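Where a number appears in this text, it was derived from the coordinates with a stated rule and is not lab data. Bear in mind that the values here come from a model prediction, so they are computed numbers and not experimental data. Every residue, glycine as well, gets a Cβ built from its backbone with ideal geometry; the counts of neighbours run over all protein chains shown.
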Amino acid sequence: MNREQARNLLHAAREGETLASRALDSFLARLLAVWGAVYALGYGLFPESGKAWAALVVAGFTLSFLFGAQEGQYLRSGVGRKLALVWSAFGVDLFALMLAGERLGTGEPLAINLLVALAWMASGVVLERGGILLAGALYALANGLVFALLPTLYFPLLAGAGLLAFLFGIFWGIRGLR
Amino acid sequence: MAFDELIHQPTRLKLMAYLTRLGPDARVEFKKLQRDLGLTEGNLSRHLTKLEEAGYLRVEKGFVGRRPRTWVGLTGKGRDAFLAHVQELERLVKGEGA
């Protein structure tokens, strides 16, 4: 076998790896689109309405678990199980934080978004994707800075970030289907 | 030399790369594998049989609800053979072998 043939075979192997990555990415892309939409609607239209937020969060979790169940019919892996654990733990933490927020008053939006960032960073570690880990870290940093320095813009910027996440999730998902 | 004649075939190489990337304990449903790799049912079945006979894959039948499903996963032997084969290809591309 010559070098050119070996190169072509390596190309076939990389193609196989890329196809597998897309299979994993499509689930994350759908989650990103769902939660981006929750943020865009929640922070954009009903930032102060607890009832509207509760409905959006329930819808978000319902869709996320439906997607997870659908994915599990075709693909089962240790990575998938770890991702399910990360996001289930996030759900429990979110619920606990919302209860605490009800009792203690304001301040929970930042904590919730730091939890979101942590869940994304953990997903990046599980998937061995540095870009996702970095995006989670930047999201945490941006949240802290805006919350501290531009508090009046916090909700509008979160709505904008949600819209961006929604569009990125759709784009990422469509690219993964190709 | 770690060239593996069985994995050497491009479709089987792509299939092994796909399963290796998903992780050591991953299992994929037959139809998804067929769709993602763009293969016909018969073609995929033939490749899977050869790889299973060599002990590189495990094929399991099961049910999701009432629907029968076929799950495909990589064995440790298959993973080692694939990684060694790719290493050998990379060595050749770098000009360290012939």
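Each residue of the range A:18-24 in turn: what ³J(HN,Hα) in whole Hz from Karplus with 6.51, -1.76, 1.60 and θ = phi - 60°, glycine and Pro shown as x?
In residue order, the calculated couplings are 5, 4, 5, 4, 5, 4, 6 Hz.
From other protein chains only, count the Cβ atoms within 10 Å of every residue's Cβ in B:77-89, then give the mean.
2
Compute the distance in nm between two label points, each set 7 Å from the Cα along the Cα-to-Cβ direction, one at residue B:60 and one at residue A:125.
2.8
Mind listing the long-range amide H neighbours of residue B:64? Cut-off is under 5 Å, sequence gap 5 or more, other chains count too, H placed in the peptide plane at 1.01 Å from N.
Residues meeting the criterion, in which the H sits 1.01 Å from N, are B:69.
Alpha carbon centre of the range B:40-98 versus the range A:1-37: separation in Å?
Cα centroid of the range B:40-98 versus Cα centroid of the range A:1-37: 16 Å apart.
Percent relative contact order of chain A, based on C-alpha pairs within less than 8 angstrom and at least six residues apart?
41
Can you tell me the relative contact order of the range B:5-93? Whole percent, Cα pairs under 8 Å, sequence separation 6 or more.
34
Rounded to the nearest 20 Debye, what is the dipole magnitude of chain A about its Cα centre when Lys and Arg each give +1 and Asp and Glu each give -1 at the C-beta?
So the magnitude is around 460 debye.
With only alpha-carbon atoms counted, please give the Rg and Dmax of the protein assembly as shown, in Å.
According to the Cα coordinates of the protein assembly as shown, Rg and Dmax are 22.4, 72 Å.
Using a Förster distance of 45 Å, how high is the FRET efficiency between residue A:152 and residue A:21, based on the Cβ-Cβ distance and rounded to 0.05?
With R0 = 45 Å, the Cβ-Cβ based efficiency is 0.65.
What is the set of long-range amide H partners of residue B:57 at a cut-off below 5 Å, with H atoms built 1.01 Å from backbone N?
Amide H to amide H, under 5 Å and 5 or more residues apart or across chains, residue B:57 pairs with B:52, B:75.
So for each of B:78-91, A:29-42 I average, over its residues, the number of other beta carbons within 10 Å; can you give me the resulting order with the highest mean first?
A:29-42, B:78-91
Please give, to one decimal in nm, the separation of the simple spin-label points placed at residue A:134 and residue A:98, each 7 Å out from Cα toward the Cβ.
3.4
First measure r as the distance between the Cβ atoms of residue A:65 and residue A:5, then evaluate 1/(1 + (r/R0)^6) with R0 = 45 Å and state the FRET efficiency to the nearest 0.05.
0.45
Putting +1 on Lys and Arg Cβ atoms and -1 on Asp and Glu Cβ atoms, find which of A:167, A:40, A:145 reaches farthest to the positive end of the dipole of the protein assembly as shown.
A:167
For a label point 7 Å from the Cα of residue B:8 along Cα→C-beta, name the residues of the range A:4-44 whose backbone N is under 15 Å from it.
Residues A:4-10 fall inside that zone.
Beta carbons within 10 angstrom, averaged per residue: use that to sort the peptides A:69-77, B:8-16, highest first.
Sorting A:69-77, B:8-16 by mean packing, highest first, produces B:8-16, A:69-77.
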